[in-house]
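Have a look at the structure below, then the notes.
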Amino acid sequence: MPDASFVGKALPPTAPYRVGREKVREFALAIGEGASVCRDVEAARAAGYPDVVAPPTFAVTFTMPAIEAFLRDPAFGWDYSRMVHGDQSITLHRPIHGGDDLVTTIHVDDLKTRAGSHMLNLRCEVADTDGAAVATTRLLLVTAAEAGS
């Protein structure tokens, strides 16, 4: 059984993640994003951005590893091996750019057990190193509860 005492808590912030220009380009290519501002620095600057612009879903490249580390922590007690991804949303407060240094704080918003499954709601608040909000991601993860949980 996952440890319900984590609900309502925020985990310590991650170390800053440097958004690499080439990572943005590779991600855009991988998902079929053809906008020139995602690939070309000059096009991004001409459009008023400081560097290439990451597609909105780019945030998963640095939030998901932090989430996975939390879920695999034995202190939380999550069964990662039987997990499915139930839902996810990303709200950008401003575009993510090449060169950004971003910090993620995971919040454990809810944990319920229903119909033989544990349902976990996590929220990631992404900020720059000055503390300005950049993105908020929310996700629902589900794993089968063991008999008697």
Treating only Lys and Arg (+1) and Asp and Glu (-1) as charged, each at its beta carbon, one finds that region 45-127 has a dipole about its Cα centre, in Debye to the nearest 20, of 200
Can you give the Rg to Rh ratio for the chain, taking only C-alpha atoms and Rh from Kirkwood? 1.05
Where labels lie 7 Å past Cα in the beta-carbon direction, separation of residue 114 and residue 47 in nm: 3.9
Net charge dipole size for region 27-72 [Lys, Arg +1 and Asp, Glu -1 on Cβ; Debye, nearest 20]: 120
With a sphere of radius 10 Å drawn around the Cβ of residue 120, what net charge do the other residues whose Cβ falls strictly inside it have (Lys, Arg +1; Asp, Glu -1)? -1
So what is the calculated 222 nm ellipticity per residue for the chain, using -39500 (n - 2.57) for each DSSP H run with n of 4 or more, over all residues, to the nearest 500 deg cm²/dmol? -5500 deg cm²/dmol
Near-label residues of region 123-146 by backbone N, under 16 Å of a point 7 Å along Cα→Cβ of residue 88: 123-126, 135-143
Beyond 12 Å, the calculated P(r) of region 22-75 holds a percent of Cα-Cα pairs equal to 65
Cα-based helix-to-principal-axis angle, 60-71 vs the chain, degrees rounded to 10: 20
Treating the Cα atoms of region 1-41 as identical point scatterers in vacuum, please give the log10 of the normalised Debye intensity I(q)/I(0) at q = 0.15 Å⁻¹, two decimals. -0.59
Taking the Cα centre as origin and putting +1 on Lys and Arg beta-carbons and -1 on Asp and Glu beta-carbons, what dipole magnitude results for region 1-45, to the nearest 20 debye? 140
Under the 0.36 nm per residue contour assumption, what length would be gained going from the current alpha-carbon distance of residue 26 and residue 73 to full extension? 13.9 nm
For region 69-108 and region 1-23, what is the separation of their Cα centres, given in Å? 6
With the dipole of region 27-149 defined by +1 on each Lys or Arg Cβ and -1 on each Asp or Glu Cβ, the option from 44, 34, 74 whose Cα lies farthest towards the positive pole is 74
List 27, 6 from most exposed to least, where exposure is judged by having the fewest other Cβ atoms within 10 Å. 27, 6
Within a Gaussian network of the chain (alpha carbon springs, distance under 10 Å), most fluctuating of 21, 72, 39: 72
With an 8 Å cut-off on Cα pairs and a minimum separation of 6 or more residues, tell me the relative contact order of the chain in percent. 29
Using only Cα atoms and rounding to the nearest 10 degrees, what angle (0 to 90) does helix 21-31 make with the longest principal axis of the chain? 70
Take every Cα-Cα distance within region 43-102, group them into 10 Å bins from 0 onward, and report for each bin the whole-number percent of pairs it holds. 17, 39, 24, 15, 5
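A short reminder: the numbers here are calculations on the coordinates, not readings from a lab. Just so we're clear, the structure is a prediction, and the values are computed from it rather than from any experiment. All Cβ positions, glycine included, derive from the backbone under ideal geometry; neighbour counts span all protein chains shown.
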